[in-house]
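Each remark here refers to the structure printed beneath this line.
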């Protein structure tokens, strides 16, 4: 682990030079959850199967959000994502919905931010679509699960150093 | 508490009609936290005071992100925000940084999503700027704290119904 | 019917002054169709019911596209849409899918362009999602059906003048 | 012709993985027409030559629209277009204007959507600039004419299979 | 003249609260120039009249740029511009082209930034279209000429205080 | 020096074909200044050191603006910038602030426009943040300083031809 790379020697923000990095396949997966009332949780599940499709809408929003990461995060490089996938899981015991986003590129920088942004926008969309039923929903445990590719290689959550 | 409002009677997603709603002052405050290693936490604090300004950058990103909420969240109405403010607090005991975003408008719909989006983009920017030091950071407890204005009036977190 | 309003007396493009216009409720509905092979048509219908949701995705895209009309059309005013709705109909006899978009605002200019843009982006999204099956799909009959509100009042397709 | 490629095996929308595809020169041409009243048609022609430049504005809008395709179409990959060209033709006999857009890239996916989006935004811009004269204009016959490059090779409209 | 208004008492950037301001007609005009070689200047003039339309393209770009001011300038409020106009003048004696942009709104904040952004994007577009002929072009004298409306009333360049 | 490259033989605007150009490292540096009253100049300097950070905000805005160049400039190609850096210098004798932006890519076209756009957006942001103190600020001397890479090689301001 090293120094912050988004500042130059004067401490000024800079979009760091990646010109010399090689184009390699890079992939990252992030996750996050949104917890809600049981009433709301049941409505999402029912809606997803019968009529109103909360998760279908959130999936599209998350994919589109991931594509716009470099517009939102100031020092993030523009990347041509070669894949974005978002999946959801109902965590029945906790009335939570888990979102996982996998982003992939062939490029010079990693796609951790794109995967995390995809998760965040998907969770925000769930909140938006359900807030008439439950304004107290809480988004949590949003983090990187794994990244591969690039010079630093594989990183997995829960393993305290780059492998 | 009622039904999902983002679907019509056929269960199709719709940006709901707010034409008849009146233009009133509406405000919302949301919060969220990012936890990190002690090493990373210290670097942010030092940087914020001495040179690299992580939180200054995250604040700008959050404000700009809040302004673009309707582009990110599919069924969110376009709003002319009349104020956006983001503040941070160092939670020393937990090596966490807390972000609070207050958004305000004079309009026909609430600004909960704008406040939450401001928090999310600010936290994502902190992650981006610190990820060279700690990829295991976790974003958590992201939720609405309070909203005022509009027909449904005041809502505060922890109070289980609209007042 | 009068003169082009998007040019000044020198013939230069201009975003025309609507400052003096009053804020009234304005609504517009547009339609369009996409024709496709029978094989493709059947796959969309089946997918829509069983698993892959082409029209659900196109609906979200169309709504989001309508919100961005003023970014795409050079001389279009920025509008805070108060409603966007997109509905689809299967035209069995012709293997066509019809999209209808209704947009609404309380503002100083009409929302014809928003309704038409919603239709176009929805149809483009259908094309994108089905092009692996049929690249020969054709978009057609895209036009305004009706507008209400504003000084010029009601206009309906097929009635050759403003009423 | 095969299956829809924008859904995974669970039927969920996904931006498909193109990481393994090779970077090749890919080009696509699309067309579309807008029909209008004779009065309107004459005004566009006169304006185009004497002062107000409807088609010049529509050309710029179409080129800029093509560049933003991936923001509008949910599952479309981001592409660095290497060329965009839009040309118009007056179809005197029918009071129609035909738009043709050619897009080109060196990349991993085709540019059919970019060419079609360029046509659509150009036609919408013509509608916007002329709607004070004729609201009954109709956009039609919008389709892909030809694509080249990539694994599937050449495709031409009117030839019922990939060559 | 007072204090910077874009910082709160802690010195943190904030999008200031304009909720209490009244909606009034506000207008601003800005100008700027680009100087170029005589060869380049002649080509622009000839092109503008005979074939390639540098200024027509720059006008469209400037209008579209003005509409996106709040996306570019971090603490700028979103405004529904009610008018944008850009005009150019050839300054023969100096081989310069002058751009003037007038922006107008009915809203809570002034439109100085929109007028200035319109000028900047128009000048940048001229540079882009001419840079194959002259890379040494220089943009200069970009400033506000006049603003009206709002509590501070009329301001004119060259008059050293608000009137 | 040659002909305008943004028009085809019919004089129509076109985003020129760069498919055949090779991917090389390309870099450009642009500069510009904003002059202001002594009162305003002192406030920026003090603020920059003590509390309100005008230049820190302008730097972030400039970097983000450079990334969006292709959305603003009609015929500009989309580029994946590999580096953006903005630095400021106080010109005490003239009460001016100078901004320099360096942009870099590995791609098929130069990054002059990105560097110039970064400067313009940074200067506009300074104007926005200081306009409560001085509306008479003037942006000036905005121009390309140097470019390297690509077929035309090195260009430096003040040297009247490509080297």
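Scanning the range F:14-23 for residues being in contact (Cβ under 8 Å) with a residue 12 or more places away in the chain, in contact with a strand residue (DSSP E or B) (Cβ under 7 Å, 6 or more places away or on another chain) and surrounded by fewer than 23 Cβ atoms within 10 Å (Cβ to Cβ) gives a total of 5. Among the residues of the range F:51-59, are any at pLDDT below 95 and surrounded by fewer than 19 Cβ atoms within 10 Å (Cβ to Cβ)? Checking the range F:51-59: at least one residue is at pLDDT below 95 and surrounded by fewer than 19 Cβ atoms within 10 Å (Cβ to Cβ).
Just one of the listed residues (C:90, C:127) is in a strand (DSSP E or B), over 15 Å from the mean Cα position of the chain (by Cα) and within 15 Å of residue C:44 (Cα to Cα), namely C:90.
Scanning the range A:24-47 for residues that are closer than 30 Å to residue B:3 by Cβ and in contact (Cβ under 8 Å) with a residue 12 or more places away in the chain yields a total of 14. Checking the range A:61-82 against the condition returns no match, with no residue being buried (at least 22 other Cβ atoms within 10 Å of the Cβ), touching a residue at least 24 places away in the same chain (Cβ under 8 Å) and over 22 Å from the mean Cα position of the chain (by Cα). Taking the range B:134-149 on its own, how many of its residues are out of contact with any helix residue (DSSP H, G or I) (no Cβ under 7 Å at 6 or more places or on another chain), under 23 Å from residue A:34 (Cβ atoms) and more than 7 Å from every other protein chain (Cβ to nearest Cβ)? The number of residues fulfilling the criteria is 2.
The residue that is modelled with the lowest pLDDT, among those in the range D:150-160 that are within 10 Å of another protein chain (Cβ to nearest Cβ) and surrounded by fewer than 19 Cβ atoms within 10 Å (Cβ to Cβ), is D:160. For the range E:117-130, a residue qualifies if it is touching a helix residue (DSSP H, G or I) at 6+ places or on another chain (Cβ under 6 Å) and either within 30 Å of residue E:21 (Cα to Cα) or surrounded by fewer than 24 Cβ atoms within 10 Å (Cβ to Cβ) (or both), and the qualifying residues are E:117, E:118, E:120, E:121. Out of C:11, C:47, one residue alone is at the interface with chain D (Cβ under 8 Å from one of its Cβ atoms) and within 28 Å of residue E:87 (Cα to Cα). It is C:11. Just one of the numbered conditions (1) crowded, with 22+ Cβ neighbours inside 10 Å; (2) assigned to a loop (DSSP other than H, G, I, E, B) is not true of residue A:101: (2). Taking the criterion of being out of contact with any strand residue (DSSP E or B) (no Cβ under 9 Å at 6 or more places or on another chain) and facing chain B (nearest Cβ under 8 Å), would at least one residue in the range A:27-39 satisfy it? Within the range A:27-39 (the criterion being out of contact with any strand residue (DSSP E or B) (no Cβ under 9 Å at 6 or more places or on another chain) and facing chain B (nearest Cβ under 8 Å)), the answer is yes, since at least one residue qualifies.
On the stretch given as the range A:50-90, residues that are more than 7 Å from every other protein chain (Cβ to nearest Cβ), under 16 Å from residue A:127 (Cα atoms) and touching a strand residue (DSSP E or B) at 6+ places or on another chain (Cβ under 7 Å) total 5.
Within the range F:1-39, the only residue that satisfies the criterion of being part of a loop (DSSP other than H, G, I, E, B) and in contact with a helix residue (DSSP H, G or I) (Cβ under 6 Å, 6 or more places away or on another chain) is F:6. Here residue F:108 does not qualify as closer than 28 Å to residue D:67 by Cα, within 17 Å of the chain's Cα centre (by Cα) and surrounded by fewer than 24 Cβ atoms within 10 Å (Cβ to Cβ). Count of the range A:130-160 residues, restricted to those that are within 30 Å of residue F:80 (Cα to Cα) and more than 11 Å from the chain's Cα centre (by Cα), is 12. Residues of the range E:110-133 that are at the interface with chain F (Cβ under 7 Å from one of its Cβ atoms) and touching a strand residue (DSSP E or B) at 6+ places or on another chain (Cβ under 6 Å): E:112, E:116.
Do we find a residue being closer than 24 Å to residue C:115 by Cβ and either in contact (Cβ under 8 Å) with a residue 12 or more places away in the chain or assigned to a helix (DSSP H, G or I) (or both) anywhere in the range D:155-163? No, the range D:155-163 has no match at all.
The values are calculated or read from the model by the stated rules, or taken from the named source; none is laboratory data. These numbers were taken from a predicted model, which means no experiment stands behind them. We place every Cβ from the backbone using ideal geometry, glycine too, and count neighbours over all the protein chains shown.
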